[in-house]
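Reading through the structure tokens given below for one structure.
The values are calculated or read from the model by the stated rules, or taken from the named source; none is laboratory data. Bear in mind the structure is a predicted one, so any value in this text is a computation, not a measurement. When the accessible area is computed, the model is the full protein with side chains, heavy atoms only, and any ligands, DNA or RNA have been set aside. Shrake-Rupley method; radii C 1.70, N 1.55, O 1.52, S 1.80 Å.
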Amino acid sequence: MRKVRWAAAAAGAVLLIAGCGSEGESAQGRNGDAPSAGGSAPAKAGSGGSLDIAAVKKEIEAAATTAGFTARQPADDVPPGLKSCTVRWQADAAQTTDSRKSYDATVATLVKGGWKESGRADEKQSVTMAMDKGGWKILAWHHPQGRADGTDWISFIANDTGPACEKPFQEDLADKTTNKK
């Protein structure tokens, strides 16, 4: 199940990078810095926007913890080639009294902080939302009882949509597709 979720996030990131960058951006106006070989975040991982990976992580973490979430240690980590292009923050819903209320508060705080909603899908009680800011896209999920242990699954995955991260996302998706066969 975890591989499916990560593959879905990676596939979404590739689609976002390939054709759905933030409004008003052009490839010519983006910073072309490549991710560092060591996997640590460069000042601007390639988005050319105003945010670096540390700022994105800080915004998500601050919004989520203010809303009552605590971080859950993910079972599977970000692949090494994507460490400078992806922020993954997963909530420990078992520590929250009303995970949907906390999810909505987290999203509201992010929107107040300049993230612009770029898509939303509601299905029964689940919600998936996309938000853009400064060359980054956040995919935010809330799935009631979506975890194997019956707790809610809440995740915020931010991807740098700049050209420097396009190749690592494509390589990761190709690797996952090849390994499925």
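Could you please state how large a percent of the accessible area of region 138-181 is carbon and sulfur, counting protein chains only and using a 1.4 Å probe? Display every interim value, and only then the final one.
On the way: 1020 of 2070 Å².
Ligands and nucleic acids excluded, carbon and sulfur give 49 percent.
Under a 1.4 Å probe, what is the accessible area of region 84-181 per residue, stated in Å²?
Numbers: 4660 Å² over 98 residues.
Here the residues of region 84-181 average 48 Å² of exposed surface.
Legend: residue pairs LYS124/LYS176; LYS124/LYS167; LYS58/LYS133; LYS57/LYS124, Cα-Cα distance threshold 24 Å; pairs beyond threshold, LYS124/LYS176; LYS124/LYS167; LYS57/LYS124.
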